[in-house]
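See structure below.
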Amino acid sequence: MSDNKRYFVVTEKAVPDVLLKVVEAKKLLETQKSVTVQEAVDSVGISRSSFYKYKDDIFPFKEKTKGQNITFIIQMDDEPGLLSEVLQTIARFHGNILTIHQSIPMNGIASLTLSVAILPAEGDAAAMVDNIEHIEGVHYLKILGRE
């Protein structure tokens, strides 16, 4: 995988103000359905371009990192056994698959959307994601949501 992502847990005081405002804007958009992106960014004092630049890269950390649901998308080679390897990795980290959808492969690349429950006191979502990203044939993994 050419675009190696690394995840960090830092305290709020170490996070740049613009990123904290992106989180505020995202929360406004989630809790107040009638609010537009422009209204949300105006309310917190950032530009739309800053919001769109960082919105997919910052999420509030929940103290309870185990016992959560995580939804992510993977783009991977259409090769026999590769999906099985991804699923085995999820199982190794005590993940329970809630939903799975694989699109019809195009140009040798398959897109897979998964929702996984990480079992309390057993699973490790960060390690699971890291391991999946390093499977040969996996080109892209993006976390779409957590709860």
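The values are calculated or read from the model by the stated rules, or taken from the named source; none is laboratory data. Computed from a predicted model, the values in this text were never measured in an experiment. Cβ: placed from backbone, ideal geometry, glycine included. Neighbour counts: every protein chain shown. We work out accessible area using only protein heavy atoms, side chains counted, and drop any ligands, DNA or RNA first. Shrake-Rupley method; radii C 1.70, N 1.55, O 1.52, S 1.80 Å.
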Would you confirm whether or not segment 120-143 contains a residue that is farther than 30 Å from E30 by Cβ and among the basic types (K, R)?
no
Quick check on this structure: which one of Q88, Q75 is modelled with pLDDT of 95 or more and assigned to a helix (DSSP H, G or I)?
Q88
Would you point out which residue out of S115, S111 is small (G, A, S), under 16 Å from E79 (Cβ atoms) and part of a strand (DSSP E or B)?
S111
Quickly run through segment 16-34 and pick out the residues that are modelled with pLDDT under 90 and among the β-branched types (V, I, T).
T31
Selection over segment 135-147 where residues are at pLDDT 95 or above and under 18 Å from F93 (Cβ atoms) yields a count of 2
Within segment 26-35, is there a residue that is open to solvent by 100 Å² or more (accessible area, probe 1.4 Å), farther than 25 Å from A126 by Cβ, not aliphatic (A, V, I, L, M) and not in a helix (DSSP H, G or I)?
yes
Pick from segment 36-50, criterion of a type in the set (S, T, N, Q) and outside any loop (DSSP other than H, G, I, E, B), ranking: least open to solvent (accessible area, probe 1.4 Å):
S50
For the structure I just gave you, tell me whether E63 is at pLDDT below 95, open to solvent by 40 Å² or more (accessible area, probe 1.4 Å), part of a loop (DSSP other than H, G, I, E, B) and under 22 Å from R6 (Cβ atoms).
yes
List pairs: first residue in segment 83-99 and crowded, with 16+ Cβ neighbours inside 10 Å, second residue among the β-branched types (V, I, T) and part of a helix (DSSP H, G or I) anywhere in the structure, Cβ distance under 8 angstrom, at least six positions apart or on different chains.
V86/I132; T89/I132; I90/I132
Kindly indicate whether any position in segment 87-94 is of a type outside the set (S, T, Y), under 19 Å from the mean Cα position of the chain (by Cα) and closer than 27 Å to V23 by Cα.
no
How many residues are surrounded by fewer than 12 Cβ atoms within 10 Å (Cβ to Cβ) and either assigned to a helix (DSSP H, G or I) or among the hydrophobic types (A, V, I, L, M, F, W, C) (or both) when one looks only at segment 118-147?
1
